[in-house]
Structures are given as C-alpha cells and as structure tokens.
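What follows draws every value from the coordinates through simple rules; no lab data is involved. Computed from a predicted model, the values in this text were never measured in an experiment. In this analysis, Cβ positions are derived from the backbone assuming ideal geometry, glycine residues included, and neighbour counts consider all displayed protein chains.
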Amino acid sequence: MMPHFIKRLTLAGITSLLLLTSGRAQENLQETLINLLPQKGELAGWRQTYEPRFFTPDDLYEYINGAADLYLQYGFQMVLTTDYAVGVDSNGVTVEVYTMASPLHAFGMYAAERSPSEPAIAIGVEGYHSANVLNFYKGPYYVKLTSFTLDREMGSVLAEMAQFIAERIQGHFTAPEILALFPQQDAVLYSDRYVPSDFYGQSYFQNGYRRDYRNDACGNFQLFLIPFSDTLEARSAFAKYSDFLLQQKDPQDVKAAGGDLRLALHSSEGDVVVFCQGSMIGGALGGSCPEILQTRVYRWAETLYPSAPSPY
C-alpha cells in the first residue's frame, strides 16, 4: 500500500500539472487572439491606444456583467479587447474578439445579438453593421467593433478592420447546414437562431434551431428543428414534450390531432404543431391559422426523413 505522504505528493503533483497545462493553454489562446490583430504599420491609419486585455469564464462578469450568462451558455472561452485611434480625427474604436466553443456556438452568439432589421454584409461567414457597431463571426470567433462616434462614414472604417481580422482567421466556414432544411416561404430574413441547451425551456431539448415567419393569414410564428443522435432518443423527447404541452393547455380550449408522432394544439395563446420525423423533432409555435399551419408543418416534416445534416 502506498504511504499517505506519497499519495499526498502524487495528488499535489497532478494538481500542479493540471494548473500548468491550463495556464499554458490560456497563454496559447491569448497569443492566437493577438495574432488576429494587425501589428504596427499593417493597417494604415490605425493606432492601438491600449494594450489588449483578456477575460475568461472566471472573470467575464467583470467585463460584461449583464450579458455574461448568455455568452457562457454559448461556450465562451476567452475574449480579447483593445482600443484603437483611427484616421486624422483619431476616432476611438473598441475591438473585441470572443473565442467560443465551436463555429456553431460562434454563430449562435452572433445570431442571438443580431437584429433582423439589419441586412447582412459579406465579412467572415456573415456580419452586420448597425449605427456605430459592426459584428461578424467566422470559425469559433465572434468579433465586435464599436466606434465611439456615430459618424456614418465610420461604417467603412470599421469594415476595414473587420475584413483584416476575418482574413487572419484561417479556414473555410459556412452557416450551419441544418438551416438549409427550413422553408423559405414567409421567412423573416436574418432571424435564424441556434440555442445549445434548454431550447424553449425544456432540459431535454439540446441544440435547437428556429426561424421566424410572418404572413397575412397566420401572423407571426416560428418553425423549429432539433436533431437527435437517433430515432429512439427523438421519440423519447417527443413524448416528454407532448406531455408538457398537454399539461400546460386548458383541456376545454385545446384540440389535439395527429398520430403518435404528430401533435397539433390550438388555443387562444396561439397554435402549436409538433412532429417527430426520423431523428428530428420539429414544429411551429405561434400564429393564428391552425389548419394552414398544421398542413404546412406536416408537409415539411415529410421532407426531412431520415435525418438532418449533423450540426456537430
């Protein structure tokens, strides 16, 4: 049997090794982020005025207290933030580069803060410009540039720095493939969302996708998709969600329709249509056109078998 003092030394050694490994990993990530920024003289007219600062999950609240929980939900790992003076007027610009858990999580965080009213621009996989802000995502990075002034001409200035950083991010990346499965008819542009956990408040719904829709007959509604690892897991989650919906609705104000893998509910709170098709759960929430929505959703479901492209 190993003596107690040797056990203590072994545990202390393992702990020290883990701390050392973690420290080196953070140093490597910091170096990677710094290398995404222009070095002195690489971008004419831009002058760095503050040394980069870094925040991790342990202290993100000190930087963005009100939004930290949302970033952590999307697998936040580290952010680099620094300031620049640009142009003859030395306009101030803050640059933030967020490292998320994966390209999918970077898209999700970007989409969560994007407004459908702002058209997309071709920087990174996608970006948008709004007032004094330009944001984009590419790879595992979500990049935000904020001007201290509201000068409209600053849009092209921000785009210059954004394009530089985007080109420094190596690799070819696209939007999540699963979004191509959503119908285009009546879709609200730039309303796609990805939620990694507790989708629609359900703990068994992980990696959910949704898109907003609008038309004269139905008003506003959402379509959603949730991929599962296999059919059995999808059917189990469908049963749980069906039970939840039936418990939440007033039986006097609910009409249920469909088979064991279809459920349509209509109430004064809005329509709910849910299906399980292969290894997918999908459906619609909202709207005020039960027959139309049910027909459209079930037809959509038939196009999804056997499963969607993997989001992982």
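In terms of surrounding Cβ atoms within a 10 Å radius of their Cβ, SER147, SER229 rank from fewest to most as SER229, SER147.
What translational diffusion coefficient, to the nearest whole µm²/s, does the range 177-302 have by Stokes-Einstein, given a Kirkwood radius computed over alpha-carbon pairs, a temperature of 4 °C and 1.567 mPa s viscosity? Walk me through the intermediate numbers first.
Values: Rh = 14.6 Å.
So the translational diffusion coefficient is about 89 µm²/s.
Modelled spin labels at GLU42 and GLN185, positioned 7 Å past Cα toward Cβ, are 4.9 nm from each other. Label-to-label distance for ARG53 and SER102 is 3.2 nm, based on points extended 7 Å past Cα in the beta-carbon direction. For LYS138, the aspartates and glutamates whose Cα falls under 20 Å of its own Cα, not counting residues fewer than eight places away in the same chain, are GLU31, GLU96, GLU113, GLU118, GLU126, GLU160, GLU167, GLU177, ASP192.
Once the mean 1/r over all distinct Cα pairs of the range 35-168 is inverted, what Kirkwood radius in angstroms do you read off? Write down the numbers at each step before the final one.
Details: mean 1/r = 0.0667 Å⁻¹.
Computed over the range 35-168, the radius equals 15.0 Å.
If I stretch the segment between GLU291 and GLU167 completely, what's the gain in nm (0.36 nm per residue apart, minus their alpha carbon distance), one decimal? Walk me through the numbers before you get to the answer.
On the way: separation 124, 0.36 × 124 = 44.64 nm, distance 4.84 nm.
Additional length available on full extension: 39.8 nm.
With contacts taken as Cα pairs under 8 Å and at least 6 residues apart, the range 177-302 reaches a relative contact order of 20 percent.
Residue order for GLU27, GLU96, fewest other beta carbons within 10 angstrom first, comes to GLU27, GLU96. Full extension of the segment from SER130 to GLU62, taken as 0.36 nm per residue of separation minus the current Cα-Cα distance, would add 21.9 nm. Peptide packing for 161-168, 186-193 was compared via the average number of neighbouring C-beta atoms within 10 Å per residue; ordered from the highest value, the list is 161-168, 186-193.
Which order results if HIS172, HIS105 are arranged by neighbouring Cβ count within 10 Å, fewest first?
Numbers: HIS172 7, HIS105 23.
Result, fewest neighbours first: HIS172, HIS105.
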